[in-house]
1. How many residues, within the range 80-94, are surrounded by 10 or more Cβ atoms within 10 Å (Cβ to Cβ) and not in a helix (DSSP H, G or I)?
2. Right, V59: part of a helix (DSSP H, G or I) and over 16 Å from the mean Cα position of the chain (by Cα) or not?
3. Could you list all residues from the range 23-46 that are of a type in the set (D, E, K, R), over 14 Å from the mean Cα position of the chain (by Cα) and surrounded by 11 or more Cβ atoms within 10 Å (Cβ to Cβ)?
4. In the set L32, L49, which member is farther than 25 Å from K110 by Cα and either modelled with pLDDT of 95 or more or in contact with a strand residue (DSSP E or B) (Cβ under 6 Å, 6 or more places away or on another chain) (or both)?
5. Inspect the range 14-22 for any residue being within 15 Å of the chain's Cα centre (by Cα) and at pLDDT 70 or above and give the result as yes or no.
Amino acid sequence: METKPTEGRQHHHREHEHERKSHHSDKVKSNLISRLNRIEGQVRGVRGLIEKDTYCDDVLNQIASIQSALNGVGKLLLEHHMKSCVLERIQEGDTDAIDELLVTVNKLMK
């Protein structure tokens, strides 16, 4: 099977990303996990609302609440990522961290 050059680079880039680890404090990690557990419960709740044929507007409001909660997790994670991982990489002279961060921010803002 033939692979395109860009596919190979993307694959290598993903492998490189998996080598990196975040270094959150236990407090931050616990906060993120707690928020995600709540969001997971909200998603299961929305599924239940749909199964019970709940009025669409009520379901949509719950979905908006979930999106807001996910945005909160993303903002918190982004803040810690910038203050630790990105800052460290820039201090080490790795300016690719900025381009990577911009791509990620664009995905978050879709």
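The values are calculated or read from the model by the stated rules, or taken from the named source; none is laboratory data. Because the structure is a prediction, the values reported are computed rather than measured. Note that we place each Cβ from the backbone using ideal geometry, even for glycine, and neighbour counts take in every protein chain shown.
1. The initial filter retains those residues of the range 80-94 that are surrounded by 10 or more Cβ atoms within 10 Å (Cβ to Cβ), namely 80-90, 94.
Next, from what is left, pick out any that are not in a helix (DSSP H, G or I): 94.
Result for the range 80-94: 1.
2. Details: part of a helix (DSSP H, G or I): yes; over 16 Å from the mean Cα position of the chain (by Cα): yes.
So V59 fits the description; yes.
3. Of the range 23-46, the ones of a type in the set (D, E, K, R) are 26-27, 29, 35, 38, 40, 44.
Next, only the ones that are over 14 Å from the mean Cα position of the chain (by Cα) stay: 26-27, 38, 40, 44.
Once the filter is applied, which keeps residues that are of a type in the set (D, E, K, R), over 14 Å from the mean Cα position of the chain (by Cα) and surrounded by 11 or more Cβ atoms within 10 Å (Cβ to Cβ), the range 23-46 yields R38, E40.
4. Values: L32 fails: farther than 25 Å from K110 by Cα.
Of L32, L49, the one residue that is farther than 25 Å from K110 by Cα and either modelled with pLDDT of 95 or more or in contact with a strand residue (DSSP E or B) (Cβ under 6 Å, 6 or more places away or on another chain) (or both) is L49.
5. Yes.
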